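Remarks on the structure that follows.
The values are calculated or read from the model by the stated rules, or taken from the named source; none is laboratory data. It should be emphasised that the depicted structure is a prediction, and the values quoted were computed from it without experimental measurement. In this analysis, Cβ positions are derived from the backbone assuming ideal geometry, glycine residues included, and neighbour counts consider all displayed protein chains.
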Amino acid sequence: MKDAVANQPANTPGETMQKDPVGGLLQVEHLRTVFRQGRREVKAVDGISFSVNPGETLAIVGESGSGKSMTAMSLLRLIPSPPGEIIDGDVFFGGRNLLDMSEDELRDVRGNEIAMIFQEPMTSLNPVLTVRQQLAEPMRVHRKVKEEDIEARCLDLLRQVRIPDPETRLDAYPHQFSGGMRQRVMIAMALACEPRLLIADEPTTALDVTVQAQILELLKDLTRQHGSSMILITHDLGVVARYADRINVMYAGRIVESGTAREIFEQPRHPYTLGLINSMPRLDASEKARLLPIEGQPPDLGNLPTGCAFHPRCPFAVDQCRQQDPPLEPYQGHHLKACWVNVDD
Amino acid sequence: MTDTPLLEVRNLKVHFKLPGSLLRPRSGGSVKAVDGVSFHLKRGETLGLVGESGCGKSTTGMAVLRMTPVTDGEIHIDGEDITHLKGRALRPLRRRMQMIYQDPFGALDPRMRVLDIIGEPLKVHKLVTGRKAYRQEVLRLMELVGLLPDMCERYPHEFSGGQRQRIGIARALAAQPDVIICDEPVSALDVSIQAQIINLLKDLQEELGLTYLFVAHDLAVVRHICDRVMVMYLGHVVEVADSEALYTNPQHPYTQALMSAIPIPDPRAESRREVDPSIEGEVPSPVNPPSGCPFHPRCKHATEVCSRVAPTLRETTDGHAVSCHLYEPETEAESLVRVASIA
Ligand SMILES: Nc1ncnc2c1ncn2[C@@H]1O[C@H](COP(=O)(O)OP(=O)(O)OP(=O)(O)O)[C@@H](O)[C@H]1O
Ligand SMILES: Nc1ncnc2c1ncn2[C@@H]1O[C@H](COP(=O)(O)OP(=O)(O)OP(=O)(O)O)[C@@H](O)[C@H]1O
Ligand code: SF4
Ligand SMILES: [Mg+2]
Ligand SMILES: [Mg+2]
């Protein structure tokens, strides 16, 4: 990437930021996405609000099925419809509401100002196009890069994601790469237009720990260099501890706790977060230490319990929890929790 | 009680022939999935088997169970060589050694009721007589693994991942095995459910005196359940040690790199952790493995000898063995060369 570009101040606020009250890059309000299966309605994203500030990495954690991916897909209106539908909410990005845009306007944002890295690289790489063709496409469409500069830019990107011998790899097809290299090509594609926001959905879950470490370090470096923001979706709390500035913890389609990484790990205030941290196997544990699991099973999103969705598994639950749904409210400053009970240290 | 280990594996090799290509039909090479692995399992212990995807963990487990052809080497149980047992002679082995699989969704027959999934080994190995005893035994097993008895008429798709893994465990226990090979039993499960299953496996071991070979790629999970840990790389054992020794004093450069790559769920500890750069580079192919030490292309300590000569697994301290030239005593020839070069 050109130095002039890399040295620009992080995310100069766009000219159209007037709608944006707190100066966040992304502002999500009351987002609600459902899937309809016959008479059943699965509340995949159940009225959530959050923001992402310029240059920060926000992690979304939570167990399988808690709505992490559907939150990300909703932001870019990639929900398969039917059966899915975004039924409520606003998503402001640089002051514009992504949910009100025309398909054309949105296409201009996707892959350009907001890029997404999907969990399974093979599904988002085109198997019949070479790496060169796939990298060049967004540059031509969004950035009008001159034809004679494209090759150099492609090589530069592959070098940034540490593909060895990029010259010999440029005209290779995705199946000629290993899993880790494909994931890096995906990242190169996502970075091709220097997006202001990168959404990475479990970018390393399918990979080995060693390759995972390479890729996450790379993402951290690159977002830092370009001053981009990142939404990092994962269920690995270890990954979150190293790479996130702030964390949203999701349970059953809701955000149940939100705070800085330190707040979440050192003073978890929602019983689910507490359970999640206690049940993590740790490398630095004492020998054969017993794990403390969260008892019970994850909820059925088509048939949620009354009151707090976590109450059937919650060791702190009181009567109120069974009847009333706790709102997400400040616990301290920007540290938010949705729980009726005060969990002490 | 004797000192004979329950299971002993000597120089095990499992090579898979690759189909030849259209142009060179006879030239298909082979995948050296397991290439000279030796280890033993003591009664009642848990041995962890860790390493990157494709390094031969599952193949080792399958070979021990005699579920994949053994190319070379020996497998002994209670001192008896079982490497070449065939047909009926394998029966008792099939009961004594059970397996729990990674994929709790694929491993259960979707058309069978839970009652029959768990009960099948009881019938196959004729462990109970009569319908009533059969049902009673299945219900006892269900209770043992934390399933409610009224679930026994249901089918696998009606259960969550964690519950299905419990069904798989109950089925393995039905045969009253001595050894259970757990092949990534919690990798497919959510963190909160992982912990439930790991605790269950520990409790069952204590109650029933089971011996586990615990295959995993997650070193943190292994730490919570294993007494000893064996690290594999590209079909070879590169290090084996007591759990505590391995985690506090990893010796092989690969083990060290592996440990440094694992994130710790604690932002303060994380800000101090440095990722070992030697882990850069690609995992090599077992079809065309590197010469010498299989790890040398990625190893930051590699010297000339590493690319030429394969190191052997040898004990450095009591019970701690490592396969790396850094820990090999100098040969006479080498020391002569060194002395000559100094002089
Ligand atoms: N096409 C679909 N039809 C019906 N329900 C769906 C569909 N896609 C997702 N869902 C439901 O939406 C909910 C949220 O799914 P989502 O993929 O966001 O979970 P997640 O938090 O990303 O989980 P994971 O960690 O497993 O990726 C799930 O309960 C899922 O069953
Ligand atoms: N039936 C087979 N035919 C050919 N090659 C095989 C066969 N089974 C396994 N292999 C190869 O042997 C090697 C070791 O595979 P194995 O399944 O033992 O790895 P693993 O360590 O269990 O990996 P993972 O963590 O991904 O489960 C791999 O390269 C694999 O592709
Ligand atoms: S609201 Fe009640 S049930 Fe829900 S997490 Fe808090 S204490 Fe537990
Ligand atoms: Mg997901
Ligand atoms: Mg395997």
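List of remarks:
- Residue in the stretch B:81-91 that is more than 16 Å from ligand 1 (Cβ to nearest atom) and within 30 Å of residue B:292 (Cα to Cα) present: yes
- Filter pass, residue A:74 being more than 16 Å from ligand 5 (Cβ to nearest atom) and modelled with pLDDT of 90 or more: yes
- The set of residues in the stretch B:171-195 that are more than 14 Å from chain A (Cβ to nearest Cβ) and over 21 Å from residue B:44 (Cβ atoms) contains only B:171.
- Test: residue in the stretch A:77-98 that is in a helix (DSSP H, G or I) and either away from chain B (no Cβ under 14 Å) or away from ligand 5 (no atom under 16 Å from the Cβ) (or both): yes
- Residues of the stretch B:115-124 include none that is outside any helix (DSSP H, G or I), farther than 15 Å from residue B:159 by Cβ and out of contact with any helix residue (DSSP H, G or I) (no Cβ under 6 Å at 6 or more places or on another chain).
- Qualifying residue in the stretch B:234-257 (condition: within 11 Å of another protein chain (Cβ to nearest Cβ), of a type in the set (A, V, I, L, M) and closer than 20 Å to residue B:43 by Cβ): no
- Pairs, first in a loop (DSSP other than H, G, I, E, B) and surrounded by 16 or more Cβ atoms within 10 Å (Cβ to Cβ) in the stretch B:1-21, second at pLDDT 85 or above and of a type in the set (Lys, Arg), C-beta under 6 Å, six or more apart: B:5/B:42; B:6/B:43
- Qualifying residues in the stretch B:223-244 (those that are charged (D, E, K, R) and touching a Pro at 6+ places or on another chain (Cβ under 8 Å)) - the one surrounded by the fewest Cβ atoms within 10 Å (Cβ to Cβ): B:223
- Per this entry, residue B:179 is counted among residues that are touching a Ser or Thr at 6+ places or on another chain (Cβ under 6 Å) and of a type in the set (A, V, I, L, M, F, W, C).
- Some residue of the stretch A:77-96 being buried (at least 16 other Cβ atoms within 10 Å of the Cβ) and of a type in the set (S, T, N, Q): no
- Among the residues of this structure, residue B:97 counts as one that is more than 16 Å from ligand 2 (Cβ to nearest atom), under 24 Å from residue B:224 (Cβ atoms), among the aliphatic types (A, V, I, L, M) and in contact with a Pro (Cβ under 9 Å, 6 or more places away or on another chain).
- Hits in the stretch A:159-180 - residues which are loosely packed, with under 15 Cβ neighbours inside 10 Å, within 12 Å of residue A:127 (Cβ to Cβ) and away from chain B (no Cβ under 14 Å): A:175
- Top-ranked residue of the stretch A:230-264 - restricted to ones that are in a loop (DSSP other than H, G, I, E, B) and within 8 Å of another protein chain (Cβ to nearest Cβ), ranked as surrounded by the most Cβ atoms within 10 Å (Cβ to Cβ): A:236
- Of all residues in the stretch B:145-188 being within 15 Å of residue B:215 (Cα to Cα) and in a loop (DSSP other than H, G, I, E, B), the one that is farthest from ligand 5 (Cβ to nearest atom): B:186
- Qualifying residue in the stretch A:328-344 (condition: touching a residue at least 24 places away in the same chain (Cβ under 8 Å), over 28 Å from the mean Cα position of the chain (by Cα), within 14 Å of chain B (Cβ to nearest Cβ) and more than 16 Å from ligand 4 (Cβ to nearest atom)): no
- Scanning the stretch B:211-227 turns up at least one residue that is small (Gly, Ala, Ser) and farther than 25 Å from residue B:123 by Cα.
- Only one of the numbered conditions (1) assigned to a loop (DSSP other than H, G, I, E, B); (2) in contact with a strand residue (DSSP E or B) (Cβ under 7 Å, 6 or more places away or on another chain); (3) not aliphatic (A, V, I, L, M) is violated by residue A:273, and that is (1).
- From the list A:293, A:281, A:268, the one residue that fits, being touching a Leu at 6+ places or on another chain (Cβ under 8 Å) and farther than 20 Å from residue A:202 by Cβ, is A:268.
- Residues being within 13 Å of ligand 3 (Cβ to nearest atom), on the phi < 0 side of the Ramachandran plot and either surrounded by fewer than 20 Cβ atoms within 10 Å (Cβ to Cβ) or in a loop (DSSP other than H, G, I, E, B) (or both) are entirely absent from the stretch A:276-289.
- The set of residues in the stretch B:42-68 that are more than 10 Å from ligand 5 (Cβ to nearest atom) and closer than 20 Å to residue B:90 by Cα comprises B:63, B:64, B:65, B:66, B:67, B:68.
- Residue match in the stretch B:69-79 (condition: more than 30 Å from residue B:286 (Cβ to Cβ) and more than 16 Å from ligand 5 (Cβ to nearest atom)): yes
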